[in-house]
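To start, the structure under review is shown below, and the notes come after it.
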Amino acid sequence: MNKITAAANVKIIIGVLITLAVVVAVVAVVKLDVVGNKGGGLSKEFKYDVNELAQIDPNLILYEESTEAIKTGLANTHGIAVDSKGSIYVAGDKAIRIFDQDGEQLGEIKLNDAPRCLTVTDDGTIYTGLKDHVEVYDSQRQKQASWESLGQDAMLTSIVVSEDNVFVADAGHRIVIRYDTEGNIINKIGRKDSIRNIPGFVIPSPYFDLAVPKDGLLRVVNPGRLRIEAYTFDGDIEFWWGQPSAAVEGFCGCCNPVNIAVLPDGGFVTCEKGLVRIKIYNSDGRFEGVVAGPQQFGAGGTSTICMLPEDCQTNGFDIAVDGEGCVFVLDTVDNVVKIFTRMKDR
């Protein structure tokens with residue numbers, strides 16, 4: 001009888017332990033923060049001393065600032081684009097302002113809400129993303145269309161046009177939407193799919209950028225994974241590059257890079273927030289050098305790596321490239337545009 005009782009007690013204990021294990025596992029899954037909203041788990045007093053990392057080796061710097069900074073006159077800037085004639089378009093406040101490279105304002109489009117991103121096609125058509133929808137303006141800056149809202153949770157952060165395709169990055173829904181030029185949705189790209197080996201986008205802060213180089217593959221910054229991913233227009237992932245590292249060759253912090261642009265030779269310019277570094281990679285993602293570091297950006301070039309998502313929600317710079325390979329940097333802290341040209345001896 002004692003043996004039977006002992007065996008029964010053992011079974012009860014095992015059952016209790018199994019139940020506790022299941023409960024712990026369920027709680028862990030429920031608390032899992034897959035988008036970074038709850039931060040990195042570090043205390044608010046945590047600081048990452050990066051004074052050494054803020055010092056860029058002069059031998060790595062390939063560009064120099066070519067003109068005085070252009071003052072936009074805007075209080076809150078978000079996005080920059082350059083057209084085929086070299087005119088500079090800046091999205092901020094409730095307007096898009098156009099400048100020449102000497103800083104003279106050429107025009108302005110007034111909007112009903114704050115533009116978050118924009119792009120300009122070869123024929124002068126302007127596509128701008130507001131918080132939840134896209135608006136289209138012709139080369140005379142007249143409004144042509146306002147596309148359907150993507151909902152109150154949408155946060156449009158990037159827009160790029162490739163032939164008859166318009167790609168829009170929605171950081172709120174963590175997805176890329178492919179439209180035709182009339183505003184009809186063709187498909188959505190990047191939703192997590194284990195069968196197609198798509199990992200899903202991790203977007204801890206409202207920075208989520210796109211580009212389409214000449215190879216015809218859509219490049220998408222996956223900032224929470226600290227890398228750039230390449231997709232077909234139908235949404236198949238082809239490859240990715242980038243590695244998490246505080247060293248200049250890698251991407252550091254909670255969520256970088258924040259923005260990318262394509263060079264005429266097919267290479268890429270990337271921009272990081274926190275520790276502001278504008279860098280050059282070749283078409284295969286190999287690090288080549290630096291456009292500018294924190295010292296070139298005054299108040300905006302902080303020397304602290306942004307580790308906690310709640311501290312990384314603002315101050316991400318934007319970048320654009322013209323047909324000559326000049327790099328245009330929108331400093332969203334000082335609200336100025338800085339232009340960098342490649343040094344001939346580099």
Looking only at segment 32-75, count every residue that is under 30 Å from Q105 (Cα atoms) and either charged (D, E, K, R) or modelled with pLDDT of 95 or more (or both) and tell me the total. 12
Within the bounds of segment 267-281, is there any residue that is within 14 Å of V321 (Cβ to Cβ) and either in a loop (DSSP other than H, G, I, E, B) or of a type in the set (D, E) (or both)? yes
Residue check for G285: over 19 Å from I61 (Cβ atoms) and under 18 Å from the mean Cα position of the chain (by Cα): yes
Hits in segment 56-71 - residues which are over 24 Å from the mean Cα position of the chain (by Cα) and of a type outside the set (D, E): P58, N59, S66, T67
Here are the criteria: (1) free of Cβ contacts under 8 Å to residues at least 12 places away in the same chain; (2) within 24 Å of L263 (Cα to Cα); (3) of a type in the set (D, E, K, R). Tell me which single one R97 does not satisfy. (1)
For segment 137-167: of the residues being touching a residue at least 40 places away in the same chain (Cβ under 8 Å) and β-branched (V, I, T), which is nearest to D113 (Cα to Cα)? T157
Test of understanding: among K94, K110, which residue is modelled with pLDDT of 95 or more, farther than 20 Å from V333 by Cβ and out of contact with any Ser or Thr (no Cβ under 9 Å at 6 or more places or on another chain)? K110
Kindly establish whether F167 is on the phi < 0 side of the Ramachandran plot, assigned to a loop (DSSP other than H, G, I, E, B) and of a type in the set (A, V, I, L, M, F, W, C). no
Residue hits (segment 87-114; of a type in the set (D, E, K, R) and surrounded by fewer than 19 Cβ atoms within 10 Å (Cβ to Cβ)) are K94, D100, D102, E104, E108, K110, D113
Which ones in segment 228-249 are touching a Pro at 6+ places or on another chain (Cβ under 9 Å) and under 16 Å from V269 (Cβ atoms)? I228, G242
Filtering segment 149-174 down to residues that are surrounded by 12 or more Cβ atoms within 10 Å (Cβ to Cβ) and farther than 22 Å from A230 by Cα, which residue is nearest to the chain's Cα centre (by Cα)? A154
Pick from segment 85-105 the residues that are in contact with an Asp or Glu (Cβ under 6 Å, 6 or more places away or on another chain) and not in a loop (DSSP other than H, G, I, E, B): which of them is nearest to V168 (Cα to Cα)? A95
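The values are calculated or read from the model by the stated rules, or taken from the named source; none is laboratory data. It should be emphasised that the depicted structure is a prediction, and the values quoted were computed from it without experimental measurement. A quick note on method: Cβ atoms are made from the backbone with ideal geometry, for glycine too, and the neighbour counts reach across all protein chains shown.
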